[in-house]
Amino acid sequence: MKKNTKRVLAAVLAVIMLALMLIPIKLDYNDGGTVAYSTVLWQVELPHRIIVEENGQIGYLVGARVTLLCGLITVYDDTYIRMEP
């Protein structure tokens, strides 16, 4: 193959691999309703996790969390515990 053809092929493969890294996979957890959309480069988590306090009170961890690079860098974290009355 010519040198120019190899460069074009390498560029096309690099674009395809980058596009595949940006397509999210939806993950549903059985912890009360948490949903996460995850790729290699970023993750968006919408937690709705059941939490039981030491005194027996039941609450939920709710909100949103956005991380980059498999959870190494947290960009946005608006999670809080909502207690049931």
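Using the alpha-carbon atoms, what tilt in degrees (0 to 90, nearest 10) does helix 3-21 show relative to the longest principal axis of the chain?
On a 0 to 90 degree scale, this one is about 10.
Would you look at the GNM of the chain, springs on alpha carbons closer than 10 Å, and say which of 25, 51, 16 moves the most?
Residue with maximal mean-square fluctuation among 25, 51, 16: 16.
If you wrap a convex hull around the Cα atoms of the range 24-83, how much volume per residue is inside, in Å³?
Normalising the Cα hull of the range 24-83 by residue number yields 75 Å³.
Restricting to DSSP H runs of at least four residues, report the calculated mean residue ellipticity at 222 nm for the chain, -39500 (n - 2.57) per run over all residues, nearest 500 deg cm²/dmol.
Using -39500 (n - 2.57) per qualifying helix, the result is -7500 deg cm²/dmol.
Where a number appears in this text, it was derived from the coordinates with a stated rule and is not lab data. What you see is a predicted model; the values in this text were computed from it and never measured.
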